[in-house]
Each structure stands twice: as C-alpha cells, then as structure tokens.
Amino acid sequence: GSRLVAVYDKMHLCDMGACSEQAQGITRGAAEPCVFELRSADAAQSCRVGLCICYDIRFPELWRRMCWGERTIDSGGVGSVVGDADVVLHPSAFIRDATFPMWHSFVTTRAVENQIYVLSVSHAVWPS
C-alpha cells in the first residue's frame, strides 16, 4: 500500500513577476531541508532522496545541506545526519518567460556542484 514518506514546506518563495508567491500571500515553511529514505521491499537496498520546490533551486546552501549532509546531535546526545541525498527531486513551475532558460542552467549547475542526480520537472506554461 501507499504511505506518506516525507513532508516539505517550501523554504524560498518567488517574488518575481507573474509567479510571485509572496504577492499571493503564501508564507515560507520551516528552514530545514527534506531528505528521506526509500528502501527496497526486502530493505536490502535504499536511496536517500532530497526534495526541494521550484525557486529553492536558486539557493546553493540548501542543496549543500541536502546533498553533503549536516551532522547534528540532539539534546539526548543522539547523533543524526540531515542530508546525504543520493538524488534530488525538484518539481517546479517555471513559466515560459525571460526566466525559463535559466531553469536548465540552474539544474545543471546544482547537479555538477553537488555531484548528484537531479530529477527536475516543470509544467512550463506560457504566461497569460
């Protein structure tokens, strides 16, 4: 069956032109990167997946935290790693305006900077 594996609230909001989320009253989410683990049915194999949304691609520090990991220790002395993604999923909504050509450049740059696979999709509509 299906189950929820991650929740991510977009950290960086677009405030440019037709896609301005701030103008629509949307607020930013928590300042924590989202990385979750997918395991095979027999749990013998796993993959750590990072998740960011649209405008988040413009912030290399977020990608570094997702991809390279950040070791933390909680108040009980238990250590964990935030990050260490093997692949990043990046759904986006770049419209076909002057910013559209940058989408591919950003995706390529983040993949090369972090030596990681990126699955980036955009619906790429024409502006009205």
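Hey, can you tell me all the residues within segment 81-121 that are modelled with pLDDT under 85 and either small (G, A, S) or within 13 Å of the chain's Cα centre (by Cα) (or both)?
The answer is G83, A93, A98.
Kindly establish whether A6 is assigned to a loop (DSSP other than H, G, I, E, B), modelled with pLDDT of 90 or more and surrounded by 13 or more Cβ atoms within 10 Å (Cβ to Cβ). Give the derivation first.
Values: assigned to a loop (DSSP other than H, G, I, E, B): yes; modelled with pLDDT of 90 or more: no; surrounded by 13 or more Cβ atoms within 10 Å (Cβ to Cβ): yes.
Answer is no for this residue.
Do we have R28 as in contact with a His (Cβ under 8 Å, 6 or more places away or on another chain), part of a loop (DSSP other than H, G, I, E, B), modelled with pLDDT of 75 or more and more than 15 Å from I116 (Cα to Cα) here? Reasoning before the result, please.
Numbers: in contact with a His (Cβ under 8 Å, 6 or more places away or on another chain): yes; part of a loop (DSSP other than H, G, I, E, B): yes; modelled with pLDDT of 75 or more: yes; more than 15 Å from I116 (Cα to Cα): yes.
So R28 fits the description; yes.
Can you tell me which residue within segment 32-49, out of those that are in a strand (DSSP E or B) and in contact (Cβ under 8 Å) with a residue 40 or more places away in the chain, is least open to solvent (accessible area, probe 1.4 Å)?
Kept after step one, since they are in a strand (DSSP E or B), are these residues of segment 32-49: 34-39, 46-49.
Of the ones still in play, those that are also in contact (Cβ under 8 Å) with a residue 40 or more places away in the chain are 35, 47, 49.
Values: V35: 32, C47: 44, V49: 5 Å².
If we take residues in segment 32-49 being in a strand (DSSP E or B) and in contact (Cβ under 8 Å) with a residue 40 or more places away in the chain, then V49 is least open to solvent (accessible area, probe 1.4 Å).
The values are calculated or read from the model by the stated rules, or taken from the named source; none is laboratory data. As the structure is a prediction and not an experimental result, all values here were calculated from the model. Please note: Cβ atoms are built from the backbone with ideal geometry, for glycine as well, and neighbour counts cover all protein chains shown. Ligands, DNA and RNA are stripped out before the accessible areas are found, and what is left, the full protein with its side chains, is counted by its heavy atoms. Shrake-Rupley method; radii C 1.70, N 1.55, O 1.52, S 1.80 Å.
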